[in-house]
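**Student:** Handing you this structure, nothing more for now.
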2 protein chains.
Amino acid sequence: MDAHQPTDPGAPIWYIGNHLPTPDLTISGQTLEDEATQGYDMITTFITNTNFRSRINQILLNAAAEKRTHMKIDSLDAEEVTVHPGDHISQVIGFASPWLEFDSDDSLVSHVSKQALLYELDYAGFCGIGNVVISGPRRKENVSQFAQVINTVLSASGYAHLLILLPLAEKPSSAVEGDKYDEFSAWDTWNTIRTVCKYNSRLSLALQIPAELPTLHVMDRWFAEPIRVVLLPSSTFSPNPTGYPALSKNHQALLTKYTKQRPTPYILLSDQRAASEKVRYEPLSYLVYIRHLQKNQPPQSTVEKYGSGYQDYLQTPLQPLADNLESITYEVFEKDPVKYDQYEKAIKLALDARDAASNTVVAVVGAGRGPLVFRALRAAQASGRAIMLFAIEKNPNAYVHLLRHNRDTWNGQVTVIKSDMRSWNPPFAVDILISELLGSFGDNELSPECLDGVQRVLNPSGGISIPASYSAHFTPIMAPKIHADISSRKNDSEAAETPYVVMLQSFEILAEQGYIHRAWEFTHPLPPNVLSDSTALSGGLIGLGDGGNNHNARKCKATFKVPRRGVVHGLAGYFESVLYGDVELSTRPDTIDMKSKDMISWFPIFFPLKTPLHVPDNCELDVCIWRQTGERKVWYEWVVEAFARSGGQRYRLGVTDLHSSKQNGCLM
Amino acid sequence: MDAHQPTDPGAPIWYIGNHLPTPDLTISGQTLEDEATQGYDMITTFITNTNFRSRINQILLNAAAEKRTHMKIDSLDAEEVTVHPGDHISQVIGFASPWLEFDSDDSLVSHVSKQALLYELDYAGFCGIGNVVISGPRRKENVSQFAQVINTVLSASGYAHLLILLPLAEKPSSAVEGDKYDEFSAWDTWNTIRTVCKYNSRLSLALQIPAELPTLHVMDRWFAEPIRVVLLPSSTFSPNPTGYPALSKNHQALLTKYTKQRPTPYILLSDQRAASEKVRYEPLSYLVYIRHLQKNQPPQSTVEKYGSGYQDYLQTPLQPLADNLESITYEVFEKDPVKYDQYEKAIKLALDARDAASNTVVAVVGAGRGPLVFRALRAAQASGRAIMLFAIEKNPNAYVHLLRHNRDTWNGQVTVIKSDMRSWNPPFAVDILISELLGSFGDNELSPECLDGVQRVLNPSGGISIPASYSAHFTPIMAPKIHADISSRKNDSEAAETPYVVMLQSFEILAEQGYIHRAWEFTHPLPPNVLSDSTALSGGLIGLGDGGNNHNARKCKATFKVPRRGVVHGLAGYFESVLYGDVELSTRPDTIDMKSKDMISWFPIFFPLKTPLHVPDNCELDVCIWRQTGERKVWYEWVVEAFARSGGQRYRLGVTDLHSSKQNGCLM
């Protein structure tokens, strides 16, 4: 094996650094070149050396002798730093001095240490170092003091990212005597620090991987967090059969998982020369092994490939009724390899069910650029049924496109009509009405309202809708990166009450066994009395006017058991739909593979909470969600309550205020 | 007794209403006149009558027969309402129909009930009714659904206050079988409703008083909440020795306490004619008794008198260093009957300690309009010591006032000097330096910085400062009305990170036995090395420059045991000061009576939390607070963490982010 060999073009890009062990090595462009020759992408360095430490120690000794509780220190000296500005700086990760005790209970020590930290960060910023690692708090009792200092230095240091160095899990033996081992204690520390620091976007994690891995729950928990550095000490390696250092299967899986985060965390190898290790390998053999792993990463799934770049990226849902879509938007959706196959299957099944000699009127409403028209033609051919096919489209540009298609591709078999489906008035009845109006939460792009509006055209005896029904599903999740993004949008007071379409990546489902609740369902066509009653009356009084759309209001309350403590940042929403018969679509992570594997057209929806809700072990979450209907729009409201159970009784631990997307509702 | 006799001018103003029992009484100006003749200030009425109820019932029956889940209803009819606009409307409290079940699990019932409620509120608004009472939720499980409807109607109904009718305590027997009796369950319901409704300022309480009162904790809890109506059913009364209805001592105390709320809650008497009661009195005898109680309320305390109108009213602390105060501001402070007596005592004690033949140099720094100059002269006379008295004042207007005083009142005994105390350079040493620079949190108006700046003038051997020391004290509190006020200041992003001076009235100390923690102390004069070190070095580097004021930074962490669940809205802050010897000042509620009873110069300080922290029974709160010093200002930072104890171990339940008043810091 050769560390220099170019990696497979299909392999992921991993940046691997050498975590240098000595604080007295001065870093230069040459150091970087030497490391690059060996195959490293980056190196680490302490910002200051032992000269600085000696000075600080002397100051502390003198000041303590004078019984001082504070002491001002001078800034850094040329002989006290290990690094200087230069082109190589972008490949350097800085480490703040780990001996600084700015969370000390001794006010002299904490005062001097805080100044020293500020000098180090200020100098690192001057040099252009973009990432500085700071050792986590020494004492659990002092986490909030530690966090307060971090919050201060975050506002004092310019643009550098500060990475808090924490172990993936604390060793059971490190717990105070008499305490039960708490596998989430290191995560608790991190959660406190970043909460106190208001989810600052420049604050992230340097996670040290232990030789012995904790439960999967702990590893999944960290995956939801902003890991910027994964630190692999040589102690995590064991010899493989040929005597070279290798990682266990579990460690490999961890690395595969964590390197799926975006941005991809840097991997730092450390202690390769450590003499204290029982087994000692050639220092470079660790790097060679990690490069080998990199080349042999499992290939990306369809969804991963398609979603690349979209992970945890917030989009506001489409408003196809109010806006006309661009051609490129259609093109993106038409690329789905699964969705249109499912539609074709459903249409064929529906046609198969019809009398062989019949002539079936089929209409694609909201035909867009025509993918469903194409599938309907194919299904008709496959089933051997005669159809009259109509394509209804309100977007004038897509209409032109459909006309061209009909002339060039469909041999004029299709009647193309430019109309909003809700005002289309054909002189005949439609037997099969095909639409693709579903949003990430099923009904959130107003499919119910559109299909109500067009139901008039459907044959009252036996006319069917494809989709026949769809349902909305949700579950509370922890998603700190998304929360950080939303809470940084300070100038947008509605940001925290808007449902977003987002490819959820760094998140955790908090409910036991990943339970997802089915909220409500819509079926088409509706019984005629429901529809006529609603359209006949159209409200006027404030608060009552809903344009006769009452019957499309929904509400749902669900209880979720949460076994492990965490933070609720919002609700993940999915949908399922029965197109026809047993042909279904699903975006639920637990049913998508069974119902519509590799379907990529929809990312989940995310309903945020303005203020994260902290929940303890073994609690319950009650979630209420409403689909509200008004005269001109549809919106959602949601509220989350946390309960503890004690002695068979439930106690309310907290409740959010009512979140409402009314200001950003979907327009009809 | 006569209900008409004018009440004692010293008696509080109570508005007493007659809660009329029948929904079929139509209210007119004449009805009001009749009630007023009897001695009532107001009446209540249902907004709709049984005609409306019959219509709604019929609609529900028909719709249920058709298996509908929704049904639009028509607006109110002339024959369905009990009230019409008119001059009398300001004395009418409306009641929404208590039979409406908008929190029903049956979606038809909830849909129809919600429309009916909206019609009632809309009509009440049209008539000009300012307060509408709505019965609380029927089912505990549906509180958040109930709250969501209230939130909707709050935004739909114009300006009326909505009052949720709840019992002061639920009867133990009303608990579901097997459940432990939970004395806070009714409060829990309220807390959920107002949290979901975002502490809407138009949402308050109509509290029904039971015959059997719960623990004091429950009654205190409600006192912190916005009670707008106190409902006294006749069942709370028992016969007194002469056979007239009377309230128990505890009920009387409750009424005394609750009527101290501002605005004063309305008192509604109900069921005076109820035939089902064992004892039946003449209906008016209840009113006569309450008017009697009103006349016999205990007189207001000094603090109550002085603070009238200031209850729960937020003020930003003074910035006496940056601004010059107005004469009226001085006048308010000079009115304190206790504070200046204490200063005089302290000065006399300090003079007594000096040699009888000595000539003592006394300086009042920040003399203002001269109250301490006057007290120093009196103390000198009383102690028989000769003094040379200097009055230093930077405010040019107050300086003029001092000169006039010296000429007219003090016989030229005082040397008046116009100077900032920090730049005063006398050619002699001062023996006793007197100042009154304390703020509500002790050091928050920069007393430490000012006294540091003037310490140069003090005699290094034996010179003293009055005050000799002062300390800051705090405790976490529940204060929903104050939180509502702050969170309504939406355009001020700093509103929730500003410490306010406020006469705390509707609040509850959450800690066990009202524990208040002493945070830190300042003493004067400082040892010379502390001062010289600090002033010699003056920082330059960002984040480090603090103008040599490091030694006045402080931090404190304290743990508070919280026995009963609640909501933390912020920290109440107080101070204590040793002026000299055993002469002290205190604003702590538990020590003020011992140290400086009836002192009115300082209201407490309040450090808010941006987001209220819900805490369960038997939890612990860790509070960290910092006094931060910068080059040009001083500010506070604070963070609150909640913990549960289980099996001897502590689990973090939640943590706030770091609050900082840096943007609103006190300028030097």
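**Student:** For the range A:474-536, report the % of Cα-Cα distances exceeding 18 Å.
**Tutor:** Tail of P(r) above 18 Å: 59 percent of Cα pairs.
**Student:** Moving on. Please report the carbon-and-sulfur percent of the accessible area for the protein assembly as shown; probe 1.4 Å, protein heavy atoms only, DNA, RNA and ligands left out.
**Tutor:** Percent of accessible area from carbon and sulfur atoms in the protein assembly as shown: 51.
**Student:** On to the next question. Using the alpha carbon gyration tensor of the range A:12-141, what are the three equivalent-ellipsoid semi-axes (square root of 5 times each eigenvalue), largest first, in whole Å?
**Tutor:** 31, 16, 11
**Student:** Taking 19 Å as the cut-off for C-alpha to C-alpha distance, list the pairs among A:K418/A:K662; A:K555/B:K72; B:K394/B:K662; A:K339/A:K394; B:K481/B:K610 that go past it.
**Tutor:** Too far apart for the 19 Å limit: A:K418/A:K662; B:K394/B:K662; A:K339/A:K394.
**Student:** In Å², what does the accessible area per residue of chain A work out to with a 1.4 Å probe?
**Tutor:** Result: 40 Å² of accessible area for each residue.
**Student:** Taking each residue in A:637-644, count the Cβ atoms of any other chain within 10 Å of its Cβ, then average. What number comes out?
**Tutor:** Other-chain Cβ atoms within 10 Å of each residue's Cβ, averaged: 4.
**Student:** Considering the dipole of the range B:327-436 built from charges on the beta carbon (Lys and Arg +1, Asp and Glu -1) around the Cα centre, which of B:L403, B:A367, B:I387 is farthest to its positive end?
**Tutor:** B:L403
**Student:** Specify the angular offset, from 0 to 90 degrees and rounded to the nearest 10, of the alpha carbon long axis of helix A:249-258 from the longest principal axis of the alpha carbons in chain A.
**Tutor:** 70 degrees
**Student:** Can you compute log10 of I(q)/I(0) for chain A with the Debye formula, treating each Cα as one identical point scatterer, at q = 0.09, 0.10 Å⁻¹?
**Tutor:** At q = 0.09, 0.10 Å⁻¹ the computed log10 ratios are -0.88, -1.01.
**Student:** Looking at this model, which pairs from A:K257/A:K557; B:K67/B:K171; A:K561/B:K198 are more than 30 angstrom apart at the alpha-carbon?
**Tutor:** Those over the limit are A:K257/A:K557; B:K67/B:K171.
**Student:** Rounding to the nearest 10 and keeping the result within 0 to 90°, find how far the Cα-based axis of helix A:107-127 lies from the longest principal axis of chain A.
**Tutor:** Tilt relative to chain A: about 70 degrees.
**Student:** Among the lysines, which fall within straight-line cross-link reach of A:K345, defined as a Cα-Cα distance under 23 Å, with same-chain neighbours fewer than 8 residues apart omitted?
**Tutor:** A:K335, A:K595, A:K597
**Student:** Same structure again: Mind listing the label-point distances from A:A429 to the same position on all other copies, shortest first, one decimal in nm, points 7 Å along Cα→Cβ?
**Tutor:** 11.1
**Student:** Next question, about the same structure. Would you please give the residues with an amide H less than 5 Å from that of A:D590, counting only those at least 5 places away or on a separate chain, with H modeled from the backbone geometry?
**Tutor:** Sorted by chain and number, the residues that satisfy this come to none at all.
**Student:** For n ≥ 4 DSSP H runs only, could you compute -39500 (n - 2.57) per run for the protein assembly as shown, divide by its residues and tell me the 222 nm figure to the nearest 500?
**Tutor:** -8500 deg cm²/dmol, from helical runs alone.
**Student:** Please report the antiparallel percentage of DSSP beta bridges with both residues in the protein assembly as shown, rounded to the nearest 5.
**Tutor:** Close to 55 percent.
**Student:** What order, most packed first, do the peptides B:585-591, B:436-442, B:32-38, A:632-638 have when packing is the mean number of other Cβ atoms within 10 Å of each residue?
**Tutor:** Answer by packing, highest mean first, reads B:436-442, A:632-638, B:585-591, B:32-38.
**Student:** Counting only other chains, what is the mean number of Cβ atoms within 10 angstrom of the Cβ of each residue in peptide B:653-666?
**Tutor:** Mean partner-chain Cβ count within 10 Å for B:653-666: 5.
**Student:** Ignoring ligands and nucleic acids, what accessible area does A:K662 show with a 1.4 Å probe (Å², nearest 10)?
**Tutor:** Accessible surface of A:K662 is approximately 90 Å².
**Student:** I need the fraction of alpha carbon pairs in the range A:469-667 separated by more than 29 Å, rounded to a whole percent.
**Tutor:** The calculated P(r) of the range A:469-667 puts 30 percent of pairs beyond 29 Å.
**Student:** Please give the FRET efficiency for B:Q30 paired with B:D106, using the beta carbon to beta carbon distance and R0 = 41 Å, rounded to the nearest 0.05.
**Tutor:** Plugging the Cβ-Cβ distance into 1/(1 + (r/R0)^6) gives 0.50.
**Student:** Report the semi-axes of the equivalent ellipsoid for the range A:16-299 in whole Å, largest first, where each axis is √(5λ) for an eigenvalue λ of the Cα gyration tensor.
**Tutor:** Equivalent ellipsoid semi-axes, largest first: 31, 24, 18 Å.
**Student:** Calculate the dipole size of chain B relative to its Cα centre from +1 charges on Lys and Arg beta carbons and -1 charges on Asp and Glu beta carbons; express the result in debye to the nearest 20.
**Tutor:** 1020 debye
**Student:** I would also like to ask the following. Under 18 Å from the Cα of A:K633, which aspartates and glutamates turn up, not counting those fewer than eight places away in the same chain?
**Tutor:** Straight-distance partners of A:K633: A:D323, A:D420, A:D443, A:E445, A:E449, A:D452, A:E494, A:E497, A:D546.
**Student:** While we're on this one: Please give the total accessible area that chains B and A bury against each other, computed with a 1.4 Å probe and expressed in Å² to the nearest 100.
**Tutor:** Buried surface at the B/A interface: approximately 5800 Å².
**Student:** Leaving out ligands, DNA and RNA but keeping every protein chain, what accessible area does B:W99 have, in Å² rounded to the nearest 10, with a 1.4 Å probe?
**Tutor:** Accessible area, nearest 10 Å²: 50 Å².
**Student:** Separate question: How large is the Kirkwood hydrodynamic radius of the protein assembly as shown, counting all unique pairs of alpha carbons, in Å?
**Tutor:** Kirkwood hydrodynamic radius for the protein assembly as shown: 36.1 Å.
**Student:** How large is ³J(HN,Hα), in whole Hz, for each residue of the range B:218-234 in order, when computed from phi with the Karplus curve 6.51 cos²θ - 1.76 cosθ + 1.60 and θ = phi - 60°, using x for Gly and Pro?
**Tutor:** Couplings: 5, 5, 5, 4, 5, 4, 6, 9, x, 7, 10, 9, 10, 9, 10, x, 4 Hz.
**Student:** For all pairs of alpha-carbon atoms in the range A:327-466, what percent lies in each bin of width 5 Å, listed from the first bin to the last filled one?
**Tutor:** Binned Cα distances yield the sequence 2, 10, 20, 24, 24, 14, 5, 1.
The values are calculated or read from the model by the stated rules, or taken from the named source; none is laboratory data. Predicted, not measured: the structure shown is a model, and the values here were computed from it. All Cβ positions, even for glycine, are placed from backbone atoms using ideal geometry, and neighbour counts span all protein chains on display. Quick note on the areas: whole protein, heavy atoms, side chains included, nothing else; ligands and nucleic acids left out. Shrake-Rupley method; radii C 1.70, N 1.55, O 1.52, S 1.80 Å.
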